[in-house]
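*Asks:* Mind looking over this structure? Questions follow.
The values are calculated or read from the model by the stated rules, or taken from the named source; none is laboratory data. All figures in this text were calculated on a predicted structure; none of them were measured in a lab. Every residue, glycine among them, receives a Cβ derived from its backbone with ideal geometry; neighbour counts consider all protein chains shown. What goes into the accessible areas is simple: the full protein's heavy atoms, side chains included, and nothing from ligands, DNA or RNA. Shrake-Rupley method; radii C 1.70, N 1.55, O 1.52, S 1.80 Å.
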Amino acid sequence: MIELWYSLLESMVPFSWIEYDFMKNALLAVLLVSPVFGLLGTMVVSNRMAFFSDAIGHAALTGIAIGVILGLCDPLWAMLIFAAILAVAITWARGHTEASADTVIGVFFSATVALGVVILSRGGAFNRYSQYLIGDLLSISPQEIYLVGIVLLIVLLFWAFFFNRLFLLSFNATVARSRGVRTSLVETAFAVLLALTVTISIQWIGILIINALLILPAAAARNLAQSMRTYHLLAVSISLLSGIVGLFMSYQWGTATGATIVLCCFGLYLGTIAFKALRK
Amino acid sequence: MINKNKTSKCDLCCTRLEKFGVKIGKNVLLHDVDLHIHCGELTGLIGPNGAGKSTLLKAMTGELPFTGKLSFLDAKELRTGHPLIGYVPQHLDLDKGSPASVLDFCAACISSFPVWISHTRTDKQRIMENLARFQAEHLINRRISNLSGGELQRVLLACALDPIPDLLLLDEPVAGVDPRGLEIFYNMVSDLRRDYDLSILMVSHDHAMISQFADRIVLLDKTVLAAGNPRAVLHDPNFVRLFGARLTLETYHNQSGTMTRHHPAVRFSND
């Protein structure tokens with residue numbers, strides 16, 4: 001299947017960089033991962049969960065640390081399980097304490113990051129894990145691309161079957177409840193889905209900037225959208241466009257791909273603000 | 001203004017709360033609430049801040065866990081289980097930038113077809129009709145975050161009445177609705193109870209307005225302190241204790257000035 005993609009690109013794309021397999025892999029990954037971040041981002045922004053997703057991203061450090069302690073060579077499973085548990089814990093704590101969501105997340109955030117850094121820095125070995133801070137999209141392998149494809153499929157299915165409930169919940173929990181929505185279940189499911197997606201993408205995007213990819217496309221789309229349909233259409237388009245342009249620019253400049261994509265996103269965000277101002 | 005959908009009158013059916021209580025942690029928010037809410041009646045729920053008025057509504061929708069019994073009985077006094085509840089919140093958790101349209105919100109209420117893809121024609125038609133009952137059909141493509149308080153309340157009411165619930169719970173808007181808009185809102189709610197034979201429970205902060213429109217008033221402060229017709233409750237010692245001066249209904253009517261239009265609910269004002 002991946003060969004089909006290679007030959008398709010070679011026959012259609014007239015740029016020299018397409019000769020490299022790692023660029024073809026990266027492009028396919030961008031095409032798959034951008035819609036995921038565009039879609040999830042719309043609800044992260046609407047539900048004011050930006051801090052939550054940031055905390056989950058940073059908690060990946062602890063996931064890696066747990067993986068190291070358990071002696072796993074690929075810490076992904078440890079990261080995923082830890083992120084899911086953390087997502088459930090934060091959602092539960094938000095519903096069961098009087099403290100504000102910011103405070104609850106802040107507490108978990110700092111504790112998990114500290115724990116991760118303490119474990120990973122034992123014997124001054126932290127540098128070995130700094131790849132997770134910045135991420136390397138160009139290193140993605142065909143097997144990992146399949147994993148991203150599965151994530152996209154799961155997000156699309158969740159969005160098709162649960163979006164309306166999540167959407168109602170973002171307006172008012174009691175209204176959602178009166179409509180028969182099992183509010184805590186939907187809320188937790190979304191938090192876990194978000195946590196898993198962020199965690200899977202960490203190694204290619206990087207802990208430091210992954211949250212920007214969730215927030216920026218949706219934030220830009222909100223400046224122009226007049227309905228949920230245009231909101232999603234714009235968020236996914238902006239995400240895709242900045243992903244493709246960012247990948248190409250990072251190749252040209254020899255810069256980190258994830259960060260370059262984020263800068264493109266930010267450029268588009270500024271563009272939407274300017275457009276909105278001019279339209280008035 | 002509203003079509004009659006329910007043909008059979010059932011003056012006997014009611015929603016019944018027995019030993020109803022809500023406890024969060026060690027905090028008792030409500031205890032031993034006994035209430036009967038009859039069909040075709042508008043019950044006003046009043047009480048001081050923190051009395052548990054909104055908590056009662058939230059628990060009745062099932063959002064908060066409760067102790068005791070909540071049952072819905074039809075005309076023959078047969079239990080029909082948990083009532084179908086329509087709920088109109090005090091406000092929505094929206095910021096000004098939210099791009100959701102009125103159509104998106106209404107469609108998410110009645111349909112599982114994902115609103116981020118599109119809307120089915122039948123859903124759109126149904127929503128148009130619902131909104132038209134409250135003169136809100138022109139709002140359908142507006143951003144819900146750009147509506148005025150009164151417009152939003154009409155949209156929320158239109159959504160809460162599809163499907164027609166057994167029990168309509170309303171949390172009166174306190175902000176963003178001018179006195180005129182509030183009166184229109186009370187009039188609409190008041191018409192609903194007769195046209196649909198609905199049980200309505202409405203949290204109110206405006207004692208003058210609610211005593212004009214409600215059939216019964218319940219004074220709540222952690223539990224039911226007084227219940228009965230508006231005149232009786234407003235003269236109840238508990239009411240006087242909580243709200244200070246013993247204001248008569250006549251004083252209220254003078255205060256409300258222009259809004260003393262004839263209405264069945266104000267029948268007690270002449271006796």
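*Asks:* Just to be sure I understand: of the beta bridges DSSP finds with both ends in the protein assembly as shown, what percent are antiparallel, rounded to 5?
*Replies:* On the way: 21 of 39 bridges.
Taking every DSSP beta bridge with both residues in the protein assembly as shown, the antiparallel ones total about 55 percent.
*Asks:* Quick one: if you stick a label point 7 Å off each Cα along the C-beta vector at A:Ser184 and A:Ile154, how many nm between them?
*Replies:* A separation of 2.3 nm, rounded to one decimal place.
*Asks:* Out of the chymotrypsin sites (Phe, Trp or Tyr not before Pro) in region A:1-57, which ones are loop residues according to DSSP with at most 12 other C-beta atoms within 10 Å? Don't jump to the answer; show the numbers that get you there.
*Replies:* Values: sites: A:Trp5, A:Tyr6, A:Phe15, A:Trp17, A:Tyr20, A:Phe22, A:Phe37, A:Phe51, A:Phe52; in loops: A:Phe15, A:Tyr20.
Taking region A:1-57 and a limit of 12 other Cβ atoms within 10 Å, the loop chymotrypsin sites (Phe, Trp or Tyr not before Pro) found are A:Phe15, A:Tyr20.
*Asks:* When the accessible area of region A:2-279 is split by element with a 1.4 Å probe, what percent falls to carbon and sulfur?
*Replies:* On the way: 8450 of 12170 Å².
Of all accessible area on region A:2-279, carbon and sulfur atoms account for 69 percent.
*Asks:* Between A:Ser7 and A:Ser110, what FRET efficiency follows from the Cβ-Cβ distance if R0 is 51 Å, with the result rounded to 0.05? Before the final figure, lay out the partial values.
*Replies:* Numbers: r = 49 Å, r/R0 = 0.97.
The calculated FRET efficiency here is 0.55.
*Asks:* Placing +1 at every Lys and Arg Cβ and -1 at every Asp and Glu Cβ, with all other atoms neutral, what dipole size does region A:166-280 have around its Cα centre, in debye to the nearest 20?
*Replies:* 500
*Asks:* Next up: Return the distance in nm (one decimal) between the two label points of a simple spin-label model at B:Asn27 and A:Trp92, each offset 7 Å from Cα along Cα→Cβ.
*Replies:* The answer from the label model is 2.0 nm.
*Asks:* I would also like to ask the following. By per-residue mean of other Cβ atoms within 10 Å, what is the highest-first order of B:99-106, A:70-77? Don't jump to the answer; show the numbers that get you there.
*Replies:* Working: B:99-106: 25.2, A:70-77: 12.1.
Answer by packing, highest mean first, reads B:99-106, A:70-77.
*Asks:* Which of A:Ile215, A:Ile85, A:Ile64 ends up with the largest GNM mean-square fluctuation for chain A, with Cα atoms connected below 10 Å?
*Replies:* Looking only at A:Ile215, A:Ile85, A:Ile64, the largest GNM fluctuation is found for A:Ile85.
*Asks:* Turning to a different aspect of this structure: Using 30 Å as the Cα-Cα cut-off, could you pick out the over-long pairs in B:Lys19/B:Lys96; A:Lys24/A:Lys280; B:Lys26/B:Lys69; A:Lys24/B:Lys96; B:Lys96/B:Lys124; A:Lys276/B:Lys58?
*Replies:* Values: B:Lys19/B:Lys96 41 Å; A:Lys24/A:Lys280 42 Å; B:Lys26/B:Lys69 20 Å; A:Lys24/B:Lys96 41 Å; B:Lys96/B:Lys124 25 Å; A:Lys276/B:Lys58 39 Å.
The pairs that break the limit, which is 30 Å between Cα atoms, are B:Lys19/B:Lys96; A:Lys24/A:Lys280; A:Lys24/B:Lys96; A:Lys276/B:Lys58.
*Asks:* Output the relative contact order of region A:2-279, whole-number percent, from Cα pairs under 8 angstrom with separation of 6+ residues. If you can, show how the numbers build up before the last one.
*Replies:* Values: 363 pairs, mean separation 79.8, N = 278.
Relative contact order for region A:2-279 comes out at 29 percent.
*Asks:* For B:101-107, what's the mean count of beta carbons from other chains sitting within 10 Å of each residue's beta carbon?
*Replies:* Values: counts 7, 1, 3, 8, 6, 0, 3.
For this peptide, the per-residue mean of nearby foreign Cβ atoms is 4.
*Asks:* Let me ask something else. What number comes out for accessible area per residue over the protein assembly as shown if the probe is 1.4 Å? Units Å², please.
*Replies:* On the way: 24180 Å² over 551 residues.
Ligands and nucleic acids excluded, the figure is 44 Å² per residue.
*Asks:* Using alpha carbons only, how many angstrom separate the centre of region B:84-127 from the centre of region A:114-132?
*Replies:* 47
*Asks:* Across the protein assembly as shown, what fraction of all alpha-carbon pairs, as a whole percent, falls in each successive 10 Å bin from zero upward?
*Replies:* P(r) over the protein assembly as shown, rounded to whole percents: 3, 16, 23, 21, 16, 11, 7, 3, 0, 0.
*Asks:* Report the one residue of A:Met79, B:Phe134, B:Gly44 whose Cα lies farthest in the direction of the positive end of the charge dipole of the protein assembly as shown (charges on C-beta: Lys and Arg +1, Asp and Glu -1; origin at the Cα centre).
*Replies:* So the residue furthest toward the plus end is B:Gly44.
*Asks:* From largest to smallest, what semi-axes in whole angstrom does region A:2-279 give when each is the square root of 5 times an eigenvalue of its alpha carbon gyration tensor?
*Replies:* Details: eigenvalues 170, 136, 58 Å².
The equivalent ellipsoid of region A:2-279 has semi-axes of 29, 26, 17 Å.
*Asks:* At 20 angstrom or more along the helix axis (alpha-carbon based) and mean Kyte-Doolittle of -1.0 or higher, what helices does chain A contain? Whole DSSP H runs only.
*Replies:* On the way: long enough: A:21-46 (38 Å, 1.58); A:50-69 (30 Å, 1.56); A:76-96 (30 Å, 1.62); A:101-120 (28 Å, 2.10); A:142-171 (40 Å, 1.84); A:183-205 (33 Å, 1.62); A:210-224 (23 Å, 1.34); A:228-253 (36 Å, 0.98); A:257-279 (33 Å, 1.37).
Helices meeting the criterion: A:21-46, A:50-69, A:76-96, A:101-120, A:142-171, A:183-205, A:210-224, A:228-253, A:257-279.
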